[in-house]
Amino acid sequence: MAASLLKTSPLSVRTKLLHQTGLSLYNTSHGFYEEEVKKKLEQFPGGTVDLQKEDNGIGILTLNNPSKMNAFSGVMMLQLLEKVIELENWTEGKGLIVRGAKNNFCSGSDLNAVKALATPEDGVALCMFMQNTLTRFMRLPLISVALVQGWALGGGAEFTTACDFRLMTPESKIRFVHKEMGIIPSWGGTTRLVEIIGSRQALKVLSGALKLDSKNALNIGMVEEVLQSSDEAKSLEEAKEWLRQFIHGPPEVIRALKKSVSSGRELYLEEALQNERDLLGTVWGGPANLEAIAKKGKFNK
C-alpha cells in the first residue's frame, strides 16, 4: 500500500514543462528555430555572463559588460542559457544572486544587436529565445534574488522579475523603458511584473508614470529590502547574508521546496497538489528527514 502511494502520477504537459530540464516553451511547432536564432546571436560579441558557485550552495551570476552598463550582447544571451543549464544540474545549489559588474545591474539589450535584428520576425524570434531562457531561469530549484546596484533598464528590469526576490541599494533604479523605445517588454517581464505588484501598479510602472527608485520600489512591493550600502562589494555581502536565511538546510529539501512553490504558482490546483505529493516522495524518509526526527526526539527528553 505504502509503495503504491509513492508512485508518481502521469505527468501533464504543463507539469513536464515546469520540472523536466531541457524543455522550453517554444519549439518548431511554434515557428521557433532555436539553432537559427543562436547563429544570429553569435554575430554580436561582447561581455560575458559569469557564474561562481560557492561551497555553501550560493551561486553568484554576474552580467559582465561594464563598458555598456552590462547590456546583453548576443553572445551574452547565449551564455545566459548555458549558465541556466549548468544551474539546472547543480545538485548542491540552494540559492542564487544575480548582479551586474561594476555597480550596475543591466541596461537591457546591446543596441548593436537590436539595430541588426530589426524585422518583426527577428524581434519575435529573440522574444521567444529570451522567454525560454528566463522561464527556465525562473523555474530553477534555487531561491534567487536580484541584487540591483545602479541601473536596471529595459531587459535588465525584466530580468529582475524572473528572480524570486529583489534587493536594491539606496541609489539604484529600475526602469522599464520599453515604451520610450516604441516597444513593450518581451522577455516575460510584463507577465511577471503583474504577478509581483498587480495590474494597476504594473500599468503605472510600464507607462513611466511611476518611477522606481529604491523608496518607491519598496513601497509597492517590487523589492523586499533596500540595503544599507551602495558599495559594490559591501552590498554583495549584504545580499549574501540576506539570502542565507532562506537556505539553511540540505540542498535536496530546499530544492524540493522551491519546486513545490513553482508548481503552486504555475499549475492548476489538481496538478499542483499531485506535484506536491510527488516531491514529498523524494524527501520523506530521506537522510534529512530521519536526522530531523531523531533530533526532535532528543529535544523532547
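Within the range 221-301, report the GluC sites (Glu not before Pro) that DSSP leaves as loop and that have at most 14 other Cβ atoms within 10 Å.
On the way: sites: E224, E225, E232, E237, E238, E241, E252, E266, E270, E271, E276, E291; in loops: E224.
Here the sparse-neighbourhood loop sites are E224.
Using DSSP to call loops (not H, G, I, E or B), can you name the GluC sites (Glu not before Pro) in the range 59-138 whose Cβ has at most 11 other Cβ atoms within 10 angstrom?
Answer by residue number: there is no such site.
Would you mind getting the Kirkwood hydrodynamic radius of the range 65-162 from its Cα pairs, rounded to one decimal in Å?
14.0 Å
Taking 10 °C and 1.306 mPa s as the conditions, I'd like the Stokes-Einstein D for the chain in µm²/s, using the Kirkwood hydrodynamic radius from alpha carbon pairs.
78 µm²/s
Once you've got the Cα coordinates, tell me which of K38/K115; K179/K215; K115/K215; K173/K259; K102/K211; K39/K173 are over 26 Å apart.
K115/K215; K173/K259; K39/K173
With each pseudo-label sitting 7 Å past Cα toward Cβ, what's the E276-Q43 distance in nm, one decimal?
4.9 nm
Is the range 183-301 best put as rounded, prolate or oblate by its Cα gyration tensor, with a ≥ b ≥ c the root eigenvalues, rounded for a/c under 1.5, and otherwise prolate when a/b is larger than b/c, oblate when not?
It comes out oblate by the Cα gyration axes.
For the range 63-103, what value does the Rg/Rh ratio take when both radii are computed over Cα atoms and Rh is the Kirkwood radius, given to two decimals?
Using Cα coordinates only, the ratio equals 1.04.
Label the range 194-252 by shape, choosing from rounded, prolate and oblate, from the square roots a ≥ b ≥ c of the eigenvalues of the Cα gyration tensor; if a/c is under 1.5 it is rounded, and otherwise prolate applies when a/b is larger than b/c, oblate when it is not.
oblate
Once you have the Cα-Cα distance between A118 and N64, take 0.36 nm times their residue separation minus that, and quote the gain in nm to one decimal.
Full extension of this stretch gives 17.0 nm more.
Please list, by residue number, everything in the range 170-189 whose backbone N is under 15 Å from a paramagnetic label point 7 Å out along Cα→Cβ of Q228.
170
Could you give the length gained by full extension between K296 and V194, i.e. 0.36 nm per residue of separation minus their alpha carbon distance, to one decimal place?
Length difference between fully extended and current span is 32.6 nm.
Work out, in µm²/s and without decimals, the Stokes-Einstein translational diffusion coefficient of the range 251-301 at 25 °C, 0.890 mPa s, Rh from Kirkwood over C-alpha pairs.
The estimated diffusion coefficient comes to 204 µm²/s.
Hey, what's the range 142-181 come to in accessible area per residue, 1.4 Å probe, Å²?
26 Å²
Hey, what's the Kirkwood Rh for the range 107-222 if you take every pair of different alpha carbons, in angstrom? Show your work: numbers first, answer last.
On the way: mean 1/r = 0.0690 Å⁻¹.
Kirkwood hydrodynamic radius for the range 107-222: 14.5 Å.
So how do 160-167, 50-57, 127-134 stack up, highest first, on mean other-Cβ count within 10 Å? Mind dumping the intermediate values first?
Values: 160-167: 23.5, 50-57: 13.8, 127-134: 21.9.
Per-residue mean Cβ counts within 10 Å order the peptides as 160-167, 127-134, 50-57.
The values are calculated or read from the model by the stated rules, or taken from the named source; none is laboratory data. On a predicted model such as this, the values are computed, not experimentally measured, just so you know. Note: ideal-geometry Cβ built from the backbone for every residue, glycine included; neighbour counts use all protein chains shown. What goes into the accessible areas is simple: the full protein's heavy atoms, side chains included, and nothing from ligands, DNA or RNA. Shrake-Rupley method; radii C 1.70, N 1.55, O 1.52, S 1.80 Å.
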